[in-house]
Amino acid sequence: MEGIMAENKNIQNIIKVAILGAESTGKTTLCRDLAAHYHTVWVPEYAREYIEKLSVPYQLNDLLYIATQHLINQTNAISQANKILFSDTELIILKVWSQEVFATVPEFITKELHQQHFDLYLVTDNAIPWEYDPVRENPDKRDYLLACYIKELEAIDANYKIITGMGEERLKNAVREVELLLNKE
């Protein structure tokens, strides 16, 4: 019983960092590189994996499924994390996506968004040129979407930092922000 309690305490002490940003801004690369730098695990963006497998256009119910599975993946990854967990996107992205495409946000996403907690959000700027892939839809809306994400972060009084730069510089800028967070803990 004490082992389970200690394990749960360790899970609660995991620092959670979410990576947000518009399409094609290096979120996945940054998340993967941060996890490697800190010798920990990261949660891949489940939406990409799911949408790539669809043979029909996605619907609102698909976003609910994506949200649920991403939360499950985050929960599972926490037990494997080494002091810090990085998540490639989270529910703010799904909320904005739902608003933009379907003009509504399912109650489940709103409720879970208010219950989730990340210690830090790293928001990738739009300096990286947009690259086509079959899942991406918004090459001309990146500035607008970035503003939407920032508005949502401010609405929940989130601790967030804009990450600039390209390649190694971007990673160094992100590491600097994570180090500032870790030094506060």
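The values are calculated or read from the model by the stated rules, or taken from the named source; none is laboratory data. Remember, it's a predicted structure, so these values are computed and weren't measured experimentally. Every residue, glycine among them, receives a Cβ derived from its backbone with ideal geometry; neighbour counts consider all protein chains shown.
Residues checked against (1) assigned to a loop (DSSP other than H, G, I, E, B); (2) more than 23 Å from Leu146 (Cβ to Cβ); (3) in contact with a Lys or Arg (Cβ under 6 Å, 6 or more places away or on another chain):
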position	(1), (2), (3)
Tyr65	no, yes, no
Thr68	no, yes, no
Asn73	no, yes, no
Gln80	yes, yes, no
Leu85	no, yes, yes
Ile92	no, no, no
Trp97	no, no, no
Glu100	no, no, no
Lys111	no, yes, no
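What are the residues in the stretch 38-53 that are free of Cβ contacts under 8 Å to residues at least 24 places away in the same chain and in contact with a helix residue (DSSP H, G or I) (Cβ under 8 Å, 6 or more places away or on another chain), if any?
Tyr50, the sole residue that qualifies.
Going through the stretch 62-114 one residue at a time, which ones are crowded, with 16+ Cβ neighbours inside 10 Å, polar (S, T, N, Q) and farther than 28 Å from Leu181 by Cβ?
Ser98
Does Tyr50 meet the test of being under 21 Å from Ile163 (Cβ atoms) and surrounded by 17 or more Cβ atoms within 10 Å (Cβ to Cβ)?
Spelling it out, it is not the case that Tyr50 is under 21 Å from Ile163 (Cβ atoms) and surrounded by 17 or more Cβ atoms within 10 Å (Cβ to Cβ).
Report, ordered by the first and then the second residue, all pairs with beta carbons closer than 7 Å, sequence separation of six or more or different chains, a first member in the stretch 151-176 that is under 14 Å from Gly26 (Cα atoms), and a second member that is surrounded by fewer than 11 Cβ atoms within 10 Å (Cβ to Cβ).
From the stretch 151-176, no pairs qualify.
In this structure, does Arg136 turn out to be of a type in the set (D, E, K, R), in contact (Cβ under 8 Å) with a residue 60 or more places away in the chain, within 30 Å of Ser55 (Cβ to Cβ) and in contact with an Asp or Glu (Cβ under 6 Å, 6 or more places away or on another chain)?
Criteria met by Arg136.
Is it the case, given these coordinates, that Val135 is in a loop (DSSP other than H, G, I, E, B), in contact with a helix residue (DSSP H, G or I) (Cβ under 7 Å, 6 or more places away or on another chain) and closer than 19 Å to Arg32 by Cβ?
yes
Could we say that Ala127 is touching a helix residue (DSSP H, G or I) at 6+ places or on another chain (Cβ under 9 Å), more than 21 Å from Tyr58 (Cα to Cα), surrounded by fewer than 14 Cβ atoms within 10 Å (Cβ to Cβ) and of a type in the set (A, V, I, L, M, F, W, C) here?
For Ala127, the condition - touching a helix residue (DSSP H, G or I) at 6+ places or on another chain (Cβ under 9 Å), more than 21 Å from Tyr58 (Cα to Cα), surrounded by fewer than 14 Cβ atoms within 10 Å (Cβ to Cβ) and of a type in the set (A, V, I, L, M, F, W, C) - is met.
State whether the residues of the stretch 140-163 include one that is among the aromatic types (Phe, Trp, Tyr), at pLDDT below 95 and farther than 18 Å from Lys16 by Cβ.
no
Regarding Val56, is this residue in contact (Cβ under 8 Å) with a residue 60 or more places away in the chain, among the aliphatic types (A, V, I, L, M), more than 20 Å from Lys141 (Cβ to Cβ) and not in a helix (DSSP H, G or I)?
When the stated conditions are applied, Val56 does not pass them.
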